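A.B. asks: Starting off with a structure, shown below.
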Amino acid sequence: MPKDAAPRECSVADTLDLVGERWSLLVIRELSYGVRRFDQIVRNTGAPRDILTSRLRKLEANGIVRRERYSDRPARFEYHLTPAGWELCDVLLVLMAWGDRHLNQDDPPVRWRHSCGETLSPMVVCRHCGEEARPGAHSPTGRGALTS
C-alpha cells in the first residue's frame with residue numbers, strides 16, 4: 001500500500017473482514033434454511049472440511065453462530081444462528097435478488113414466496129420514512145464520510 005494511502009473507515013469493510021471470506025455467507029444461508037450439522041453444511045455448500053471448520057469457528061467467536069452439542073459419544077455439534085446471524089439473512093436476500101436480476105434472470109434457482117402470497121422481492125428502505133434507499137437518496141456522515 002502506498003505511504004499516503006489511508007483506507008476509509010467503514011462498517012462495510014469491517015463486516016467483510018468477518019463474513020467476506022469464501023463460504024461464510026453460504027454457511028449462514030444453510031443455517032437459515034435449517035441445516036444444522038457439519039456434514040450437511042459441507043454437502044450443501046461444497047466447502048472443504050478444514051476451511052468450513054475455520055469459518056464456523058470464526059463465526060462462532062464473533063457471535064454470528066452458536067454451537068450446541070447433540071451427542072456426547074462421539075462429541076458432535078449442531079450450529080445455529082444467533083440474533084446477529086439472523087440479521088445477516090437480510091443481506092443474503094438482497095444478494096439473492098441482485099443475482100436473480102443480473103446473473104439468473106431467465107431462471108432463478110430458488111424463488112421465495114412472502115407471507116403475503118407474492119414472490120418475495122426484497123428491497124432496502126429507510127426505517128424512519130419508509131422510502132427506498134436509492135443512490136442519491138442518502139449520504140455518508142461520521143468518521144468514514146467522504147472527504148475531498
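A.B. asks: Using just the helices of the chain, give the 222 nm mean residue ellipticity in deg cm²/dmol: DSSP H runs with n ≥ 4 each add -39,500 (n - 2.57), and the total is spread over all residues, rounded to 500.
C.D. replies: Numbers: 5 runs with 59 residues, N = 148.
Result for the chain, helices only: -12500 deg cm²/dmol.
A.B. asks: Please report the relative contact order for the chain, taking Cα pairs under 8 Å with a sequence separation of at least 6, and give it as a percent rounded to a whole number. Working shown, then result.
C.D. replies: Values: 112 pairs, mean separation 26.3, N = 148.
Relative contact order comes out at 18 percent.
A.B. asks: Compute for the chain: radius of gyration divided by Kirkwood radius, i.e. Rg/Rh, restricted to C-alpha atoms, rounded to two decimals. Spell out each step's value before the answer.
C.D. replies: Working: Rg = 18.5 Å, Rh = 18.1 Å.
Rounded to two decimals, Rg over Rh is 1.03.
A.B. asks: For Y70, what charge total do you get from the other residues with a beta carbon under 12 Å from its beta carbon, if Lys and Arg give +1 and Asp and Glu give -1? Spell out each step's value before the answer.
C.D. replies: Values: positive: R36, R37, R67, R69, R73, R76; negative: E68, D72, E78.
Taking every Cβ under 12 Å from that of Y70, the sum is +3.
A.B. asks: Positive end of the charge dipole of region 11-85 (Lys, Arg +1 and Asp, Glu -1 on Cβ, about the Cα centre): tell me which of S24, Q40, G63 has its Cα farthest that way.
C.D. replies: Q40
A.B. asks: Nearest 0.05, what FRET efficiency do C126 and R49 give at R0 = 41 Å with Cβ-Cβ as r?
C.D. replies: Working: r = 42 Å, r/R0 = 1.03.
The computed FRET efficiency comes out at 0.45.
A.B. asks: Another question, then. Using a Förster distance of 30 angstrom, determine the FRET efficiency expected from the C-beta separation of D39 and D107, and round it to 0.05.
C.D. replies: On the way: r = 29 Å, r/R0 = 0.97.
Computed FRET efficiency for D39 and D107 comes out at 0.55.
Laboratory data are not the source of any read-out in this text; all were calculated from the coordinates shown. All values derive from a computational prediction rather than experimental measurement. Positions of Cβ are generated from backbone atoms using ideal geometry, with glycine treated the same way; all protein chains shown enter the neighbour counts.
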